[in-house]
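Okay, so here's the structure we're looking at.
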Amino acid sequence: MSENARATTRLLAKLAATIVVAGALLAGLMLPWVGGPGLAARNSVSLLDALPVELTDKTPAGVTRVLASDGSLITNFYEHNRTPVTSDQIADVMKQALVDIEDSRFYDHNGLDVQGTMRALVRNVAAGSVQEGGSTLTQQLVKQTLLQTAATPEEREAADAETVGRKLREARLALALEDTYSKDEILTRYLNIVYFGQGAYGIQAAAQRYFSVNAADLTLPQAAMLAGLVQSPFYDEPINNPENAQIRRNQVLQRMHDLGHITEQQLAEITPTPVEVTPGQAPPNGCIDASIGGFFCDFTRQYLIQELGLTKAQLDKGGLTITTTLRPDMQRAGDQAVLDTVAMGAGTVAVYDAVQPGTGQVLAMSVNRRFGCDDPECESVNFATIPTKGSGSTFKTFVAAAALEQGLPASHTITTNEPYRSRVYESYDPETQRIEPYEVGNVGSSYPRTLTMTQALYMSSNTYFLALEDALGRIEPAVRMAERLGMTFDYSVTQTPAQQIIDENRPSFAFGTDGVSPLDLANAYATIAARGVRCTPTPVLSITTPNGEPLLAEDGQPVVRENDCEQVIEPGIADTLNQMMIKDTAPGNPLQTGARAYIPGHQIAGKTGTVNERDSVAFVGSTPQYTASVMLFRPRDTNDVGSYGGGLPAGIWRQAMAPVLTAQEPVAFPPADPRYAGRGVDAAPQGPTRPADNASSRSANRPGPTTRSTTPPPEPEPPAQPEAPSEEPTTEEPATEPGTEPQVPPPSEAPTTDAEGAPAN
């Protein structure tokens, strides 16, 4: 048998099947009326009861919009590019063109067109091919709705199956729809759901995609072309198949003329002209297309799914409006500061995260990468939220907080040797292959041996903080304090579980050797800025459904609820810590490490951090209204990033926050609490407590002599301390104002440990 013969046989078989289906359909649909009025009434009720919820929604869901806090669009989430519009937002000529070509008896039938079905059958059999469809627009609406809302492959197959059962159900649902909605509502819903090719679902998306106009502004030739796409959106679309599109458009125009809806002159003028298109871009879809804050967008999507329990289908098909906490002004300032300091896609990653104290709202996330694309400067790993490298001496703040809570005031004074050998903690020495007392030193010779806790914090003295850990007797209070403030220690390649750190009694905790999440770091310091109130970081303000109502969870309550906030430390401890950290940035404090972050007129509570080999450096700074962390690190090697924490990170912080802070009145932190500050907080007493010298080693589980000094006697001012050499500039570092260089030695003088950083284990 030839190929033509086989094709003819298949066509005849298909037509025969169509006749059988049509006969069964007509018989099935006539049953309610054949049985008499009583049976007809019963079946009418059953038809109305049979409407699925998908068919009772007033309009199909459009794209999910993700908005910044000011209402500007960040991106959309969608499976289908659809923007539902109301009837008055669709040109009348569009409605007429669609009805004329698809269902010219639309306004006369009740959902089923028996006359039209039989006419189509006769014409198709006579032509030997399918020349005319028999389904009404209402039936097509039923089928398209069930297809596009199918949640499983089985549901989709059932909605598209060529069976008598499916045809009967479709017909009955069409009758029910006509009994429930007006003709105009049905036509509008059809135009909002039907596929027009090129990824455009619904008339508004199609008008934008092909002509860059709104559906209300479509002209006659444009409307005719779009109406013709419904039957064959792949082969007749004008961008790739302009000749097919012109032929099909002219068929629609001819049908409109035959029905008396356009004039002979209109038909004659348009028919010979090619289809003119002005293609528009599809709306952004997903975080890869985010107009701003791609990594914030990624964090938001993960938060919606993992924390709020939304499904991917809800995001991609729900037509939700998600208003986020992102502040575009802070995001743009952060982006600029990061990219002005470290080039896009450089081997060093630069991250800036901003959080609002007291609410947990995430305000900005900047990374010197583009999110999710394939170019060299692109990255799908969200370095703004995951733990990677350590943040160095930023962890000294957690040790200080634990010490304050344990009764050691900010004025607590310790004299240490250089280097300092712990009385409590031990470590393995690979050279001697023995367990030795843990030992650290500072960089250079400028560090005073005798310091208060306040001075040690803003000078970032390694020796003092190891001695302070000795005073605590074990590492657990500091670790638990960090957790309470907002740090998480989930096991990963770069992190150690909190309990393991406690069990091993690791003294290196104070020096931030394990990988941290920049967002965790910002949130923990935001807890201190909020006077001890810890909030869960959140990127979402509200989620509403297409009808503007709050999205509800299974318990009937809004999915977005009041943020989880808790008082985790005494306000007085937090106030005292903030006053201690202000000295790291405010002018006039010798050997401070965070001077580059200072913004005149504003109190900035800050802390620097640098790990061994300087492959990771950090700065965290707070005002009462904002906290931001900055980290620069090498994710794939241990090369030097070219700066300490008080250098590039502090500079990024200042550049990013200056536009925000200078645009508003300064807000001061509460004063230190005398219960935790002690006396002489700002002075280094010359009469030190018992020196924490390098005495004999003690068991890691048995605390040695401590140096508590809850209320030391007033002491005279110490002699002026010599200034340390300023940091050696690198090719990456921006110019800074005189006097703002961090007081740390240049790299050439750096021994095993650095000014803020961790000793090697």
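Packing around the peptides 264-272, 642-650, 394-402, 621-629, taken as the average count of other Cβ atoms within 10 Å per residue, puts them in this order, highest first: 642-650, 394-402, 621-629, 264-272.
Going down the list Lys143/Lys183; Lys143/Lys317; Lys312/Lys389; Lys389/Lys583; Lys95/Lys143; Lys95/Lys183, which pairs span over 23 Å between their C-alpha atoms? The partial results should precede the final answer.
On the way: Lys143/Lys183 17 Å; Lys143/Lys317 18 Å; Lys312/Lys389 31 Å; Lys389/Lys583 26 Å; Lys95/Lys143 19 Å; Lys95/Lys183 11 Å.
Checking Cα-Cα distances, Lys312/Lys389; Lys389/Lys583 exceed 23 Å.
Along segment 663-668 the Karplus relation, 6.51 cos²θ - 1.76 cosθ + 1.60 evaluated at θ = phi - 60°, assigns HN-Hα couplings of 8, 9, 5, x, 10, 8 Hz to successive residues, with x for each Gly and Pro. Considering only alpha-carbon pairs that sit under 8 angstrom and 6 or more positions apart, the relative contact order computed for segment 341-497 is 20 percent. Sorting 223-230, 536-543, 653-660 by average packing, meaning the other beta carbons within 10 Å per residue, from highest down gives 223-230, 653-660, 536-543.
Anisotropy class assigned to segment 232-317 is prolate, per the alpha carbon gyration tensor with a/c at or over the 1.5 cut-off and a/b larger than b/c.
Quick note: the coordinates plus some simple rules give every number you see, no bench work behind them. All values derive from a computational prediction rather than experimental measurement. Heads up, the Cβs are rebuilt from the backbone with ideal geometry, glycines too, and the neighbour counts pull from every protein chain shown.
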